[in-house]
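Let me begin by presenting the structure, written as structure tokens, before commenting on it.
The values are calculated or read from the model by the stated rules, or taken from the named source; none is laboratory data. Every value quoted in this text rests on a predicted model; they were computed, and no experiment measured them. Every residue, glycine as well, gets a Cβ built from its backbone with ideal geometry; the counts of neighbours run over all protein chains shown. Areas reflect the complete protein model, heavy atoms only, side chains present, ligands, DNA and RNA absent. Shrake-Rupley method; radii C 1.70, N 1.55, O 1.52, S 1.80 Å.
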Amino acid sequence: MKKVLLALILVALIVVPVTAATGGAAKSDLAVGLNLGTNTGVGVQYRMNDFDIVGNLGFGFLDGYLSFDVAANYKVTEFEIEKAKFDVTVGGGAYVGIPIKSGAKLGLAAIAPVGVMYSLDNNDVPLDFYLRIAPGLWLLPDVSFHFSGYVGALWRFN
């Protein structure tokens with residue numbers, strides 16, 4: 001488990017600066033970073049006109065899966081705390097868990113992420129910070145309640 005987490009952190013630390021330095025994702029709406037929480041690993045976001053596509057790839061600590069989730073995220077409101085602007089988002093998507101231990105079954109859940117995001121207003125350090133919870137419903141292997149929650153930071157490629 002520690003090796004998986006270390007590998008994901010190393011990938012994020014290599015991919016983000018290299019892509020930024022080469023201009024590979026420059027002038028796009030792509031953001032890549034690190035998730036910490038029930039799904040610890042690499043997080044991505046791609047901004048569209050009316051919504052964002054968010055995804056996470058990592059290790060699910062609650063269920064022991066190599067996990068992947070993706071969702072469409074919509075901004076529903078915003079608020080300010082001492083001139084700092086925060087976006088509140090809701091969305092819908094899917095969680096897929098690939099079992100690591102033998103005998104476990106593939107997991108699939110429908111999720112409804114709710115989050116708060118803060119973007120630094122700085123072109124030199126374009127970071128987005130977020131807190132997101134994603135309640136849902138396991139569809140496989142059995143129907144039951146699903147929960148994910150994480151904090152993260154994304155490097156926004158401008």
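Below, the figures for the structure above:
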| item | result |
| --- | --- |
| Residues (outside any strand (DSSP E or B) and not β-branched (V, I, T)) located in the range 76-101 | E82, K83, K101 |
| Residue count for the range 110-158, restricted to those that are under 24 Å from E78 (Cβ atoms), over 16 Å from the mean Cα position of the chain (by Cα) and of a type in the set (D, E, K, R) | 2 |
| Out of P99, P113, sole residue that is farther than 18 Å from G33 by Cβ, surrounded by 12 or more Cβ atoms within 10 Å (Cβ to Cβ) and touching a residue at least 12 places away in the same chain (Cβ under 8 Å) | P99 |
| Yes/no for V96 being at pLDDT 90 or above and within 23 Å of L108 (Cβ to Cβ) | yes |
| Strands (runs of 3 or more DSSP E) wholly inside the range 102-142 containing at least 3 residues that are of a type in the set (F, W, Y), modelled with pLDDT of 90 or more and closer than 23 Å to T89 by Cα | 127-140 |
| Among (1) open to solvent by less than 60 Å² (accessible area, probe 1.4 Å); (2) under 14 Å from Q45 (Cα atoms); (3) more than 13 Å from the chain's Cα centre (by Cα) - the single one G91 does not satisfy | (3) |
| Contacts under 9 angstrom Cβ, first residue in the range 136-158 being in contact (Cβ under 8 Å) with a residue 60 or more places away in the chain, partner open to solvent by less than 60 Å² (accessible area, probe 1.4 Å) and of a type in the set (K, R), 6 or more apart | S148/R132; G149/R132; Y150/R132; V151/R132; G152/R132 |
